[in-house]
Structures are given as C-alpha cells and as structure tokens.
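Coordinate-derived values only; no laboratory data. Owing to the predicted nature of the structure, the values given are computational and were not obtained by experimental measurement. In this analysis, Cβ positions are derived from the backbone assuming ideal geometry, glycine residues included, and neighbour counts consider all displayed protein chains.
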Amino acid sequence: MLESFVIPELKSRRKLKRTIFQQDGTPPHVCNFVKDLLTSNFNSRVISIGFENERPANSPDLNTVSVIIIRTALELTLSHLKKFLKFQNM
C-alpha cells in the first residue's frame, strides 16, 4: 500500500517532502523492508517505534473509557489487578 499507492500519490501531489508519517509500531510495520522504505522517502519525518522520532502508539479505536481502564489497570499491582478483574466480572 505504501509503495504502490501512498508514496506515489504524495509524490504526484508534490507533498512527500512536507509529509510526516506516523504509524502504530506493530512489529510487521517496523520490519527492515518497511523501515528502509519509510526512511528513503520520509527521512527523519517518521514517527514510530525504531525511528528517530519514536512515540508511543495511540490507537484511535480505543474509546475514552477503554483508555482510562487500561491506564488504571497498568498502575495496579498484579494482585490488585486480579481483584479488579474479579470485581468487574460480577
């Protein structure tokens, strides 16, 4: 998709050099082939795991409640997490 559509489309619109590319950092998205492709076309304008501008992924498919629950769960110890999950399933 990147190689066959996105990059050619950006080039044809003369926007490639001004575009910042951000991806979620899923392992298949940061394999060497993809990293080389992105680096050769976007240089340092890539925001992803394994690049100069590494940022944590933000999933747009998570709603606010999911994010709050996940953040809260990560702050809890394992024993608290188990109690929390048992309480939620009641």
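For residue 11, the lysines whose Cα comes closer than 21 Å to its Cα, not counting residues fewer than 8 places off in the same chain, are 35. What the Cβ-Cβ distance of residue 4 and residue 82 gives, at R0 = 30 Å and to the nearest 0.05, is a FRET efficiency of 0.05. A cut-off of 5 Å between modelled amide H atoms, ignoring neighbours fewer than 5 places along the same chain, links residue 21 with 46, 47.
Using the Cβ-Cβ distance between residue 12 and residue 53 with R0 set to 30 Å, the FRET efficiency from 1/(1 + (r/R0)^6) comes to roughly 0.75.
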